[in-house]
Amino acid sequence: MSGEDEGIGGDAPQAIRKLEPGKLVIASHNEGKVREIRELLKPYGVEAVSAAELDLPVPVENGTTFYANAELKAIQAADLSGLPALSDDSGLCVEALGNAPGVYTADWAERQPLEGPPGRDWYLAMGKVEGKLAEQGPDVSRSAHFVCTLALAWPDGHVEWFEGKVEGTLVWPPRGKKGFGYDPVFQPLGENETFGEMDPARKHGMSHRADAFAQLVKAVF
Ligand code: IMP
C-alpha cells in the first residue's frame, strides 16, 4: 500500500519515488525496531543511520492512526537531518479488545514508579492485555494481529507509505526472550513458537514488518 495509491479526485496515481543509494535515517529510538530494520535493509546497499546516532529528538506521537504517527516521525527526521528517513509505527491489535491497544501499544507499557524515572515495562503491558482478556471469561477469542506502517519521507516533504500485517494468537504465560515488546505472547498462525522463541531470521521472514518491507522494497529500490 502506498500513499500515492489514493489518487484523489480521479487523477492518475503518480509513480512511486525511488530511493537513491546513500544514507537513510531510521527514524526510531526503539532499539529493537532499529535492529530489525537494519537487518531488513542490509541487502539493499543503503547506509542506515539511526535517529539516536544523529541525536535527533524523540517526537511526540500524538497521531490517532498508525499512518499519522509513522508520517510525523519520518517527516521530522527528514526535515532535521536533510536526509531521507524511514519510520515504523506498529502495534498489537487484539480482536476481543476492539483492536486495542493498537496505536497505543507502546503506551500500555508505560510505568510510573514512585521513585526514579518513568520507563516501559513490556511484562506489565502483556499482563494488562491478558488481564483484559481474562475479564471476558475463558472462551474469549485470543486472535490478534500486529500491524506495521512504514513511512518514507524526503527532506522536500514527499512521503511514501506501506502497511504490513501478521495474524496470530495470544498465549499465556509469555514464552521466549529473543524478540522485543509483545513478542513472547504472540504466536503467528500455523506456528508452534512465539515470536519471542523464534529465531530472528524466521521472524523476519513472516512478520508484519517483513510484509511492509517487502512492499517498500518492491516499490522504491
Ligand atoms: P511505536 O510504533 O513506537 O508506537 O511502538 C509500537 C509498539 O508495538 C512497540 O514499542 C512494541 O512494543 C510493539 N511492537 C511493534 N512491533 C513489534 C514486534 O515485532 N514485536 C513485538 N512488539 C512489537
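For this structure, a couple of remarks:
- Residue selected from segment 99-146 under the condition of a type in the set (Ser, Thr, Tyr) and part of a loop (DSSP other than H, G, I, E, B), by the criterion most open to solvent (accessible area, probe 1.4 Å): 141
- With respect to the conditions (1) in contact with a strand residue (DSSP E or B) (Cβ under 7 Å, 6 or more places away or on another chain); (2) open to solvent by less than 30 Å² (accessible area, probe 1.4 Å), residue 38 falls short on a single one, namely (2).
- Among the residues of segment 192-205, those identified as outside any loop (DSSP other than H, G, I, E, B) and open to solvent by 50 Å² or more (accessible area, probe 1.4 Å) are 200, 201, 202, 205.
- Tally of residues being in a loop (DSSP other than H, G, I, E, B) and more than 15 Å from residue 220 (Cα to Cα) across segment 16-58: 12
- Of all residues in segment 73-93, those being in a strand (DSSP E or B) and within 12 Å of the ligand (Cβ to nearest atom) number 7.
- Here residue 114 meets each of (1) touching a strand residue (DSSP E or B) at 6+ places or on another chain (Cβ under 6 Å); (2) over 18 Å from residue 170 (Cβ atoms); (3) more than 8 Å from the ligand (Cβ to nearest atom) with one exception, condition (1).
The values are calculated or read from the model by the stated rules, or taken from the named source; none is laboratory data. Because the structure is a prediction, the values reported are computed rather than measured. Glycine also receives a Cβ, built like all others from the backbone with ideal geometry; neighbour counts cover every protein chain displayed. Areas reflect the complete protein model, heavy atoms only, side chains present, ligands, DNA and RNA absent. Shrake-Rupley method; radii C 1.70, N 1.55, O 1.52, S 1.80 Å.
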